Amino acid sequence: MHGRLKVKTTEEQKAEKHREQQKKLVAYRMGMKKIALSRSSDSYDPESFAISAQLLCVNPDIYTLWNYRKEVALLQRNSQNDSESEEFINFLNREVDLTEQCLLSNPKSYGSWYHRYWILMIHPQPNWEKEFNLCTKYITYDDRNFHCWDYRRLLVNKIGITLPVELKFSTDRLNNNFSNYSSWHYRSTLRKLDENCIEEELNLVQSAVFTDPADSSAWFYLRWVLSHPILSIQKRQELLEAFEELQELEPDCKWILLAKCWLTGSLVLSDKEYIDRRIQFYSELTKLDKLRKGQYEDYLKLAEKKMKT
Amino acid sequence: MAKLMKDIEVPSDAPKEILFEKHVQFINEYGKDEDNFEYGMTDYLRLSGMYWGLTALELINAQPSQCKDNIIDYVKKCQDTNSGGISACTGHDPHILHTLCGIQILAMYDRVDAIDVEGVVKYVKSLQQPDGSFSGDKWGEIDLRFSFCSVMTLSLLNRLDAIDLEKAIEYVEKCKNFDEGFGSRPQSESHAGLIFCGVGFLSLVNRLDIINRDSLAWWLCERQLPSGGLCGRPEKLPDVCYSWWVLSSLAMLGRLHWVDGDSLKTFILACQDAEIGGFTDRPGNVPDPFHTIFGLAALSLLGEKHIQQVNPTYCMPQSVIERLGLKPQILT
């Protein structure tokens, strides 16, 4: 019951709602009973099958009903002389349509997503390209739906889409909206950081954090890039200076201070001066970002200990 | 340039104390009327619902309105004699999610002997795939949640030897991301719920060394929003259930103090329904048993005196975990 607002209703509205709900409950129970009966005889009963579709359209999380439909799909397959018969293909296409209907009303239902994939896996002529285009479309509707991204990954592997194509897709998504953690994550799965690409990644993420320093998403990617040892000391020092300048424009942005902490953390071995600055940054953070004071104090203690040795 | 952060405002008239009696009433009312619409329509998650409700009652030292023997009989009835797995309720199919919940209920009441334990072990074993992952049931959906549930089920039965643990660990490690978090499958985006599963799994098998704890703990503590509440992913709204997924993960990593306990507590308390009891996802929404257990369990981790100590790995009373002699890895 996520995000369901509690509303006040009159007694009359309540009674009316109760009557309607009781009707629905009775219908649900009768439907489930009929389906269970049909399942136990291992035969295909079109009426039960239709009821299960209706119930799933209302609630795609009734997992047993998806199982039932898979059983019927297998029964259908076994009853055909030709496993590529038109009848069977039409049957499977209707299943794919049903999952689309369910996903449109509930895009986060695990059961619908899996059923769709499962059906296409037993489909003699699966149209993966069409799936891929649909997936791209739905990602543009909601670019944080991780089910959709997961499905895309399955399809990329199925169709054999090349890395440069997906990399371009990820760059386009990010240029469209830097503030999208899902796109940054996706990019991290396509990129193995090495000397060939690390500067390119750094430039991309750097322009993101400079565009909107208050948005958190890109900072996580930045930390990942910075944690890679191949990034040169010179580059790190340049970055530190760039962040100093940015901070003058955005004095209350905790992310800039955090980035300075990561940078001085990795530079600490080369110069003792950085420890003093690190201590200063963490002290500022304890005041600027009180919710995470516990974390900063732990790092402060570490830095102070290091300074004494 | 700067945009507003997604968050909510905690209403000033929201509850500020734990409404213990209301919660007991809420949970015990929930299952009382078979013909209650919400209850009747959610039979496909009944056993999970029972685990949420009964654990919540146990944590606040209250008794269920049903007698325990009936509860145990109910779990027993949900075991499929063929596969050995447990279903949400009679008329539905066995699944690892409900198998775990059934075992958690039985373990809490010290009545694991009531069912065919070998059947459950056989079922869990049948779900493991050659790459070490686990499917949720015989239909093959793979998810890190199922790895966690499988291993927790076996751990409660003291039968971790029944599966290929090394392979299982290998798979979980593959689900780890650039941000040290975990997603549903390899390369899936990190999500606090899945992080709980990944960290919990590694805690069960004593392999938390696989995680760079401070990187992950940073990601987790950044989930706290100005309202005090915790969200599940960057740029998302706070929700009481994430109070549990995030906080328990931080507890296992020994970094509970990286979030602000006071404001989180204020947020969780504000998510109580002052009229009928129970917790909601956000202030002003409809309460349910799912958010009620995770709200109470999170308050327990925050040191609330009148709630029993909860174990962060199992989400069960610490006293039960100790009685069973289980020692999940918790970093200090």
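The values are calculated or read from the model by the stated rules, or taken from the named source; none is laboratory data. In this text, all values refer to a predicted model and were calculated from it rather than measured experimentally. Here the Cβ is made from the backbone with ideal geometry for all residues, glycine too, and neighbour counts use every protein chain on show. The area values use the complete protein model at the heavy-atom level, side chains included, leaving out ligands, DNA and RNA. Shrake-Rupley method; radii C 1.70, N 1.55, O 1.52, S 1.80 Å.
For the stretch B:232-254, the set of residues classified as within 12 Å of another protein chain (Cβ to nearest Cβ), assigned to a helix (DSSP H, G or I) and open to solvent by less than 10 Å² (accessible area, probe 1.4 Å) consists of B:Val240, B:Cys241, B:Leu250, listed by residue number. Scan the stretch B:312-332 and give yes if some residue there is surrounded by 17 or more Cβ atoms within 10 Å (Cβ to Cβ), within 17 Å of the chain's Cα centre (by Cα), modelled with pLDDT of 95 or more and closer than 18 Å to B:Ala14 by Cβ, otherwise no. No.
Checking A:Lys306, A:Lys301 one by one, the residue that is within 14 Å of another protein chain (Cβ to nearest Cβ) and surrounded by fewer than 19 Cβ atoms within 10 Å (Cβ to Cβ) is A:Lys301 and no other.
Among residues that are more than 14 Å from chain A (Cβ to nearest Cβ) and free of Cβ contacts under 8 Å to residues at least 24 places away in the same chain, B:Asp35 is not included. Under the condition of being within 14 Å of another protein chain (Cβ to nearest Cβ), under 21 Å from the mean Cα position of the chain (by Cα) and without any contact (Cβ under 8 Å) to a residue 60 or more places away in the chain, the residues counted in the stretch B:49-81 number 1.
When restricted to residues that are more than 14 Å from chain B (Cβ to nearest Cβ) and in a helix (DSSP H, G or I), the stretch A:97-151 contains 21.
Within the stretch B:117-148, the residues that satisfy the criterion of being of a type in the set (D, E, K, R) and either in contact with a Cys (Cβ under 8 Å, 6 or more places away or on another chain) or in a loop (DSSP other than H, G, I, E, B) (or both) are B:Asp131, B:Asp137, B:Lys138, B:Glu141, B:Asp143, B:Arg145.
A single entry from A:Glu199, A:Glu166 fulfils the requirement of being of a type in the set (Asp, Glu) and closer than 29 Å to A:Leu246 by Cα: A:Glu199. Considering the conditions (1) in contact with a Leu (Cβ under 9 Å, 6 or more places away or on another chain); (2) surrounded by fewer than 20 Cβ atoms within 10 Å (Cβ to Cβ), A:Ser41 is excluded by exactly one of them, (1). Open to solvent by less than 30 Å² (accessible area, probe 1.4 Å) and away from every other protein chain (no Cβ under 14 Å), is that true of B:Thr99? Here the answer is no, as B:Thr99 does not meet what is asked. For the stretch B:16-35, a residue qualifies if it is part of a loop (DSSP other than H, G, I, E, B) and surrounded by 17 or more Cβ atoms within 10 Å (Cβ to Cβ), and the qualifying residues are B:Ile18, B:Leu19, B:Gly31.
In the condition set (1) more than 9 Å from chain A (Cβ to nearest Cβ); (2) not in a helix (DSSP H, G or I), B:Lys265 is compliant with all but (2). Here A:Leu193 fulfils each of the conditions (1) open to solvent by 10 Å² or more (accessible area, probe 1.4 Å); (2) over 23 Å from the mean Cα position of the chain (by Cα) apart from (2). It is to be established whether one or more residues within the stretch B:296-307 are among the basic types (Lys, Arg) and under 23 Å from B:Leu331 (Cα atoms). Yes; the residues of the stretch B:296-307 include at least one that is among the basic types (Lys, Arg) and under 23 Å from B:Leu331 (Cα atoms). Filtered by the rule that a residue be open to solvent by 70 Å² or more (accessible area, probe 1.4 Å), out of contact with any Ser or Thr (no Cβ under 9 Å at 6 or more places or on another chain) and within 27 Å of B:Val286 (Cβ to Cβ), the stretch A:17-38 gives A:His18, A:Arg19, A:Glu20, A:Lys23, A:Lys24, A:Val26, A:Arg29, A:Met30.
Yes/no matrix, rows are residues, columns are (1) open to solvent by less than 50 Å² (accessible area, probe 1.4 Å); (2) small (Gly, Ala, Ser):
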{"position": "A:Gly111", "(1), (2)": "yes, yes"}
{"position": "A:Leu120", "(1), (2)": "yes, no"}
{"position": "A:Pro124", "(1), (2)": "yes, no"}
{"position": "A:Asn127", "(1), (2)": "no, no"}
{"position": "A:Glu131", "(1), (2)": "yes, no"}
{"position": "A:Thr136", "(1), (2)": "yes, no"}
{"position": "A:Thr140", "(1), (2)": "no, no"}
{"position": "A:Arg144", "(1), (2)": "yes, no"}
{"position": "A:Arg153", "(1), (2)": "yes, no"}
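Within the span defined as the stretch A:65-76, every residue fails to be within 14 Å of chain B (Cβ to nearest Cβ), within 30 Å of A:His2 (Cβ to Cβ), among the β-branched types (Val, Ile, Thr) and touching a residue at least 12 places away in the same chain (Cβ under 8 Å). Regarding the stretch A:213-236, can at least one residue be identified that is at pLDDT below 95, in a helix (DSSP H, G or I), open to solvent by 60 Å² or more (accessible area, probe 1.4 Å) and more than 10 Å from every other protein chain (Cβ to nearest Cβ)? Taking every residue of the stretch A:213-236 in turn, at least one turns out to be at pLDDT below 95, in a helix (DSSP H, G or I), open to solvent by 60 Å² or more (accessible area, probe 1.4 Å) and more than 10 Å from every other protein chain (Cβ to nearest Cβ).
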